[in-house]
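Taking it in order: structure first as structure tokens, then the write-up.
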Amino acid sequence: MIRILLVDDEPDLLDLERRILEQKYGFYTVTAESGKEALEIFQSQQVDAIISDYSMPQMDGITLLRKIREINNAIPFILFTIREKEDIAIEAMNSGANFYVQKENLPQVVFAELAHDVTKAVELFRAEKNLKIQRDLALANANAKSLEETLLICTRAILDVSGMEGVAIYLFEEKNLKVSIISGSSELYTSERVQSQIQQILHSVIHQKTPMFRDEEDIRAVTPILFEREGIRSDGIIGMTHHGKTIGVVHIFTSSPLNTYGLSLQRFITDIVVQVSGYISDRLAEEALRTSENRMKAMIRNLPGMVYQGHIDEERTMEFVSEAVFNLTGYYPKDVMHNAVRSWGSFINPQDRVRILEVITRAVQKNVRFRLTYRITTRDNKYRWVSEQGTGIVDADGNLAGIEGIIMDITRQKALDDQVRMFHTRLKTLFMLMAAGCLIFKSDGTIRNTILVDLNSAAEKTEQKKKSELIGITFQGLFNKADPELLEAITGMLEDKKSRTLQKCAITYPYGKRYFDIFLSSSPVGYERTDLEIFLIYNDVTNRVLTEQQIITSLHEKELLLKEVHHRVKNNLQIISGILKLQSMRIQDPRAAEIIQECRSQVYTMASIHELLYNSKDIGKIQVEEYISRLVDHFKQEYEGISARLSLRVSVDPDIVLDIERCIPCGLILNELIMNAVKYAFQPDGEGEIRISFTQDASSYRLQVSDDGQGLPKDFDARKSQSLGMELTSQLTHQLRGKLEISSEKGATFTITFPKTEEGRIKT
């Protein structure tokens, strides 16, 4: 499309000219009503031609023409006037006008002539401009030093030729079109949403191999987001090909609503894209070559050895050696190439030279690679082991031109190999001398194909068979009479590759049943690491197991015996309690009957402990909470009348466990303190509450009995008290190595604190 700057001081006439030129001849026009306005537009916008009226105030058409020529000497300029003066025409042509058109003719003739002149002038202008752009492009590209510079130069050339406002060049990266450079667009252009629509039309143009030039209507229909987000009203998409290979796409665009693209403009745009494609393709090839060379240099530089090209002769003459020769020998490449200072053959140990030449010659004759290991002497007279791999070089005629390869320092590897061999020997010795049996299986991951491949002397002794008889047997075949847990362990390990440990696993042999502690482990082996090597180490613990069984049997017998003792003691104590009860029924003295009743309570206190121990899983420990609950329940049964008017509240830490040596004194103390509270704390037939608590902290136990009765006498002293109950409580507290505290506030409170025990002994 041709973009015209139309200048006329008559607005109506200017509008008429604009509509005719746009609607009938397809031009795009920019209008100005004065010469001054026209100059401002020309300096800020790109146009292809200028059509100006001659007769205008302040600045006529000739003056405007001269000023335009000062800025641009080539832009087509057509003078449009009604005057028929020959001198004006001559002046206009002398001032640089391309054509002179008179308005007096019929309008259709005038505008047809005007359109023809404009088109002819613009095509000539564009052709000259394009030739210049192409020359400048070629020159600029020749001086470009990178792909980025070439792309920037190409975008400028495309914009100059097309007259568009923006251009984007897409290149293929791993079969995907990526924006390589963009000019004249916002950040939205490269957004994922915009690119999703652009990519479709780009691939369509590549597939059809035909350029596409679109107007506003086409853009709205196919890629509406370009119009909505970027304000693009006209664009062109041209595929970039070079030597039949598509390398990318050019997208040119503008916000100006162009109705049509002239064939000449399409041709110019296509031609410049073809030229650009060649330059970019060449630059891509150069970049690829440079990248390849850099990669090759980097690869050679980073190889763990010296790369070389040389000849088969006694001196091993080198045409090329990499920089790694310095690390290998202490000499620079220039010292070794062409035997300048030293030949490669002079580095080789004299004992190895003849062998090396023979091996290389034979391999080259057979057209196969050769591999060598030998010693060299460095610049500082140190020995190094090297590994050399190489092959022959053949010229275009098939004749041997030399050899090439790589030489690597394997001194450290050689030392490590020696160490590995030494360790292997040691491990094999340890393996054979292990006291525990060791079996090595190879498996494909299934129990059916888990085959014994090696075993040590201890395993031979255990199985009572020679190694030759056992190699090749399956795991199931070897351990078909083992506990099921062994088969379960090996099956689980084959699934999750985690080690297993079994204790006291029984295996039945023809010579009897044996018990083993077994350890199972696995490790992947093979080229693809799919097979497993399974290690089974089994230690005969039959004697230990039998001894443990004997001990357990003995302990069980002793436990039964001890429980029987507790049972009999409890029964005897109950008999004593029964006898005391019968005696109390014959005694008339209330005081004597009360004493017998107290004795019966004390006997029950001890009998309850033996009953608990008899029924306990741990015959040495008593749950204090259960024990105190029994005592309280027994008191309520024996003293039914008293318990009806007195309330007993119990709070015991359920985690407290005592041995019999501690529990009996605590029970007796508790019995005495409860009886003491019943007898002395309350008025006859009076109501009240007795509270019992048993708690613990990190180092001690705390037994407390309190009441809300009338309290103790002011002059009460436990040490001077003649009460048998208080004397018994004091002695029992001393037995516990505890401390008795008495207080009398809102009743009486007795607190016994005694230390915890450790292994049956009181902490000191």
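Here is a yes/no grid of residues against (1) surrounded by 13 or more Cβ atoms within 10 Å (Cβ to Cβ); (2) over 29 Å from Glu165 (Cα atoms); (3) in the same structural domain as Ile272 (by TED's automatic domain parsing); (4) at pLDDT 80 or above:
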residue	(1), (2), (3), (4)
Ile50	yes, no, no, yes
Met56	yes, yes, no, yes
Ile68	yes, no, no, yes
Leu79	yes, no, no, yes
Ile90	no, yes, no, no
Leu124	yes, no, no, no
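Is it true that Gly305 is under 40 Å from the mean Cα position of the chain (by Cα) and either over 22 Å from Thr391 (Cα atoms) or small (Gly, Ala, Ser) (or both)?
On the way: under 40 Å from the mean Cα position of the chain (by Cα): yes; either over 22 Å from Thr391 (Cα atoms) or small (Gly, Ala, Ser) (or both): yes.
Judged against the criteria, Gly305 is a match.
Hydrophobic (A, V, I, L, M, F, W, C) and modelled with pLDDT of 70 or more: does that describe Leu560?
Details: hydrophobic (A, V, I, L, M, F, W, C): yes; modelled with pLDDT of 70 or more: no.
Judged against the criteria, Leu560 is not a match.
Go over the candidates Glu404, Glu488 one by one and state the one that is surrounded by 11 or more Cβ atoms within 10 Å (Cβ to Cβ), free of Cβ contacts under 8 Å to residues at least 24 places away in the same chain and not β-branched (Val, Ile, Thr).
Numbers: Glu404 fails: free of Cβ contacts under 8 Å to residues at least 24 places away in the same chain.
Exactly one residue qualifies, and that residue is Glu488.
Being in the same structural domain as Phe111 (by TED's automatic domain parsing), crowded, with 16+ Cβ neighbours inside 10 Å and more than 21 Å from Glu216 (Cβ to Cβ) narrows it down to one of Leu13, Leu39, so name that one.
Within the list Leu13, Leu39, the selection yields Leu39.
Of the numbered conditions (1) within 27 Å of Phe42 (Cβ to Cβ); (2) under 45 Å from the mean Cα position of the chain (by Cα), Leu151 fails exactly one; give the number of that condition.
Of the numbered conditions (1) within 27 Å of Phe42 (Cβ to Cβ); (2) under 45 Å from the mean Cα position of the chain (by Cα), the odd one out for Leu151 is (1).
Can you list residue pairs whose Cβ atoms sit under 9 Å apart, with the first residue in the range 365-386 being within 9 Å of Thr329 (Cα to Cα) and the second being of a type in the set (Phe, Trp, Tyr) and assigned to a strand (DSSP E or B)? Count only pairs 6 or more apart in sequence or on different chains.
These pairs meet every condition: Ile376/Tyr383; Ile376/Trp385; Thr377/Tyr383.
For residues that are touching a strand residue (DSSP E or B) at 6+ places or on another chain (Cβ under 9 Å) and modelled with pLDDT under 80, tally how many sit in the range 642-660.
Of the range 642-660, the ones touching a strand residue (DSSP E or B) at 6+ places or on another chain (Cβ under 9 Å) are 645-660.
Subsequent filtering for residues that are modelled with pLDDT under 80 retains 645, 660.
Here the count works out to 2.
Here are Lys498, Lys467: which of them is without any contact (Cβ under 8 Å) to a residue 40 or more places away in the chain, under 19 Å from Phe431 (Cβ atoms) and either surrounded by fewer than 14 Cβ atoms within 10 Å (Cβ to Cβ) or over 37 Å from the mean Cα position of the chain (by Cα) (or both)?
Among Lys498, Lys467, only Lys467 is without any contact (Cβ under 8 Å) to a residue 40 or more places away in the chain, under 19 Å from Phe431 (Cβ atoms) and either surrounded by fewer than 14 Cβ atoms within 10 Å (Cβ to Cβ) or over 37 Å from the mean Cα position of the chain (by Cα) (or both).
Scan the range 59-70 and tell me whether some residue there is closer than 17 Å to Ala121 by Cβ and either among the acidic types (Asp, Glu) or outside any helix (DSSP H, G or I) (or both).
no
From the list Glu404, Glu463, Glu488, which one is assigned by TED's automatic domain parsing to the domain that holds Asp517, modelled with pLDDT of 90 or more and in contact with a Gly (Cβ under 9 Å, 6 or more places away or on another chain)?
Glu463
Conditions first: (1) free of Cβ contacts under 8 Å to residues at least 40 places away in the same chain; (2) touching a Lys or Arg at 6+ places or on another chain (Cβ under 7 Å); (3) of a type in the set (D, E, K, R). Asp395 passes all but one, so which condition is the exception?
Single failed check for Asp395: (2).
Mind counting the residues in the range 2-54 that are assigned to a loop (DSSP other than H, G, I, E, B) and basic (Lys, Arg)?
Count: 1.
Being among the basic types (Lys, Arg), over 30 Å from Lys120 (Cβ atoms) and assigned to a loop (DSSP other than H, G, I, E, B), is that true of even one residue in the range 333-355?
There is at least one residue in the range 333-355 that is among the basic types (Lys, Arg), over 30 Å from Lys120 (Cβ atoms) and assigned to a loop (DSSP other than H, G, I, E, B).
Scan the range 525-543 residue by residue and report those that are touching a residue at least 12 places away in the same chain (Cβ under 8 Å) and over 16 Å from Gly437 (Cβ atoms). Reasoning before the result, please.
In the first step, residues of the range 525-543 are kept if they are touching a residue at least 12 places away in the same chain (Cβ under 8 Å); the result is 525, 530-542.
Within the range 525-543, Val525, Thr530, Asp531, Leu532, Glu533 qualify.
With the requirement that a residue be among the aliphatic types (A, V, I, L, M), over 60 Å from the mean Cα position of the chain (by Cα) and part of a loop (DSSP other than H, G, I, E, B), what does the range 660-702 give you?
Ala681
Report, by residue number, each residue of the range 434-449 that is out of contact with any helix residue (DSSP H, G or I) (no Cβ under 8 Å at 6 or more places or on another chain) and not in a loop (DSSP other than H, G, I, E, B).
Across the range 434-449, the qualifying residues are Ile440, Lys442.
If Phe431 satisfies every condition in (1) of a type in the set (A, V, I, L, M, F, W, C); (2) part of a strand (DSSP E or B); (3) touching a Cys at 6+ places or on another chain (Cβ under 7 Å) but one, which is the exception?
In the conditions (1) of a type in the set (A, V, I, L, M, F, W, C); (2) part of a strand (DSSP E or B); (3) touching a Cys at 6+ places or on another chain (Cβ under 7 Å), Phe431 misses (2) alone.
Might you let me know whether the range 165-173 holds any residue that is under 45 Å from the mean Cα position of the chain (by Cα) and either surrounded by fewer than 18 Cβ atoms within 10 Å (Cβ to Cβ) or part of a loop (DSSP other than H, G, I, E, B) (or both)?
yes
Residue-wise test of (1) part of a strand (DSSP E or B); (2) in contact with a strand residue (DSSP E or B) (Cβ under 6 Å, 6 or more places away or on another chain); (3) within 25 Å of Asp218 (Cβ to Cβ); (4) acidic (Asp, Glu).
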{"site": "Arg135", "(1), (2), (3), (4)": "no, no, no, no"}
{"site": "Ala138", "(1), (2), (3), (4)": "no, no, no, no"}
{"site": "Asn141", "(1), (2), (3), (4)": "no, no, no, no"}
{"site": "Glu148", "(1), (2), (3), (4)": "no, no, no, yes"}
{"site": "Thr155", "(1), (2), (3), (4)": "no, yes, yes, no"}
{"site": "Tyr189", "(1), (2), (3), (4)": "no, no, yes, no"}
{"site": "Val194", "(1), (2), (3), (4)": "no, no, yes, no"}
{"site": "Leu202", "(1), (2), (3), (4)": "no, yes, yes, no"}
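Would you say Lys120 is basic (Lys, Arg) and either at pLDDT below 70 or in contact with a Pro (Cβ under 8 Å, 6 or more places away or on another chain) (or both)?
Answer is no for this residue.
Scan the range 522-546 residue by residue and report those that are at positive phi and either in contact with a Ser or Thr (Cβ under 6 Å, 6 or more places away or on another chain) or not in a loop (DSSP other than H, G, I, E, B) (or both).
Listed by number, the list is empty, since nothing qualifies.
Any chance the range 730-746 includes a residue that's outside any loop (DSSP other than H, G, I, E, B), out of contact with any strand residue (DSSP E or B) (no Cβ under 8 Å at 6 or more places or on another chain), buried (at least 19 other Cβ atoms within 10 Å of the Cβ) and at pLDDT below 85? Let's see the steps before the verdict.
Narrowing the range 730-746 to residues outside any loop (DSSP other than H, G, I, E, B): 730-735, 739-743.
Narrowing the set further to residues that are out of contact with any strand residue (DSSP E or B) (no Cβ under 8 Å at 6 or more places or on another chain) leaves 731-732, 734-735.
Among the residues that remain, those that are also buried (at least 19 other Cβ atoms within 10 Å of the Cβ) are: 732.
Filter once more, so that each one left must be at pLDDT below 85: 732.
Scanning the range 730-746, I find at least one residue that is outside any loop (DSSP other than H, G, I, E, B), out of contact with any strand residue (DSSP E or B) (no Cβ under 8 Å at 6 or more places or on another chain), buried (at least 19 other Cβ atoms within 10 Å of the Cβ) and at pLDDT below 85, so the answer is yes.
The values are calculated or read from the model by the stated rules, or taken from the named source; none is laboratory data. Quick caveat: nothing in here was measured; it's all calculated off a predicted structure. FYI the Cβ positions are ideal-geometry reconstructions off the backbone, even for glycines, and counts take in every protein chain you see.
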